[in-house]
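Structure record follows, encoded as C-alpha cells.
The values are calculated or read from the model by the stated rules, or taken from the named source; none is laboratory data. Worth saying up front: this structure is predicted, and the values here are computed from it rather than measured. A quick note on method: Cβ atoms are made from the backbone with ideal geometry, for glycine too, and the neighbour counts reach across all protein chains shown. The accessibility values were calculated without ligands, DNA or RNA, using every heavy atom of the protein model including side chains. Shrake-Rupley method; radii C 1.70, N 1.55, O 1.52, S 1.80 Å.
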Amino acid sequence: MSASMSAPASQPEAPAVVVHGLQRRYGERTVIGGLDLRIARGEFVALLGESGCGKTTLLRALAGLDAIDGGRIDGARQPAVVFQEHRLLPWDSLWRNVSLGLDEATGKALAQAALAEVGLGDRLDDWPRNLSGGQAQRVALARALVREPRLLLLDEPFAALDALTRIRMHGLVKELVRRHRPGVLLVTHDVDEAVALADRVLVMRDGAIASEYAVSPEANARRTHPDATALREALLAELGVAADSVPA
C-alpha cells in the first residue's frame, strides 16, 4: 500500500428539492401534469405564469399543504413558507411568533437571533399590531428561517408592500438566502422582481414548465443592464405582454 493516500472526494450537496412527474388534478381538470423540477441548495428560482396556470398549486404541493395525484417530491423536508399575508398571531409577542413550535428552552434565543438578522432585534416583546407591513413580513421571514429549512417557498410575499419597502425587502431576502442557503422558489407576477432576485426564472404554462432562463449577476444587480432589459422583454413576450406597454 502506498504511504500517501489522497483525501476522499467530497460528496455533492443534496438538492433542496427534486420533483419527478408531479400530477395534481381537481376533479376532471388536470392542473399540473407530469412536472419535473430540481432546485439546488442556495439557488433562487422565480416562477412566473398567468393566473390559473398552476403556480400556487405547485407551491402548495411542495409545502405539503396539498396532496398530489401522481409523481414524487424528494428532499423537501419541513419546508418553510412565507405568504403574501404575514399570518402572525396577534395575541403573541414577536419572539413567540418566530419561535412558534420550537422548544421553550431555546426558542427565545433562536428567535432573538433571527429577529436581529431582519433588523428587529430590539422588538422581541413587541406585538404584531405595532408593525408596518414591511416589518411584519420581516418577522414572517425570521419565522421561516429560524429552523434553517432546506427549502424556502415565497408566495408573492412582497405584493402588498409599497415600492420602496419592496426594494428594501428584496435586498434583505437576497442577503438572508446567501447566509442560510436554502433553495428558494418564489411565485410572483412581477417580472422585474424575478429578474432582480432569481438565479433562474421559470415560466409555467398549462401545468408544466414551458421555459426557463438563467439570470446573470449583472441583470440581478442593475435593472438597466442590457442583460436585464433583454431578459425582461423575453419574459414579457412569454407572458403575452408587449414590453413597451409596461412601465420601465
Determine the calculated [θ] at 222 nm for the chain from helices alone, applying -39500 (n - 2.57) to every DSSP H run no shorter than 4 residues and normalising by the residue count; nearest 500 deg cm²/dmol.
-10000 deg cm²/dmol
When the Kirkwood radius is taken over all Cα pairs of the chain, what Stokes-Einstein diffusion coefficient follows at 4 °C and 1.567 mPa s, in µm²/s?
67 µm²/s
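When the dipole is taken about the Cα centre of region 1-153, and only Lys, Arg (+1) and Asp, Glu (-1) are charged at their Cβ, what size is it in debye, to the nearest 20?
Result for region 1-153 is approximately 200 debye, rounded to the nearest 20.
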For region 64-191, diffusion coefficient by Stokes-Einstein and Kirkwood Rh (Cα), 37 °C, 0.692 mPa s, µm²/s
216 µm²/s
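Assuming R0 = 35 Å, what is the FRET efficiency of Asp122 and Glu13, from their Cβ-Cβ distance, to the nearest 0.05?
0.50
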Paramagnetic reach from Asp103 (point 7 Å along Cα→Cβ, amide N under 20 Å) across region 55-90
78
Which is farthest toward the positive dipole end of region 140-219 among Ala219, Val173, Ala163, measuring Cα position about the Cα centre, with Cβ charges +1 (Lys, Arg) and -1 (Asp, Glu)?
Val173
Pairwise FRET efficiency - His20 versus Arg147, Cβ, R0 = 25 Å, nearest 0.05
0.45
With all protein chains present, how much of the accessible area of region 91-225 (probe radius 1.4 Å) comes from carbon and sulfur, to the nearest whole percent?
51 percent
What ³J(HN,Hα) values, in whole Hz, does the Karplus curve 6.51 cos²θ - 1.76 cosθ + 1.60 give for region 153-158 when θ = phi - 60°, with x put for Gly and Pro?
10, 10, 9, 6, x, 10
Amide proton proximity set for Ser216, modelled H, under 5 Å, gap of 5+
none
At R0 = 22 Å, how high is the FRET efficiency between Leu65 and Leu89 if r is their beta carbon distance? Nearest 0.05 is fine.
0.75
Candidates Val19, Val98, Val195; GNM for the chain (alpha-carbon contacts under 10 Å) flags as most fluctuating Val19
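Heavy-atom accessible area per residue, the chain, 1.4 Å probe: how many Å²?
Details: 12650 Å² over 248 residues.
Here the residues of the chain average 51 Å² of exposed surface.
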Hey, what does the equivalent ellipsoid look like for region 31-139, semi-axes from the Cα gyration tensor as sqrt of 5 times each eigenvalue, largest first, whole Å?
32, 16, 13
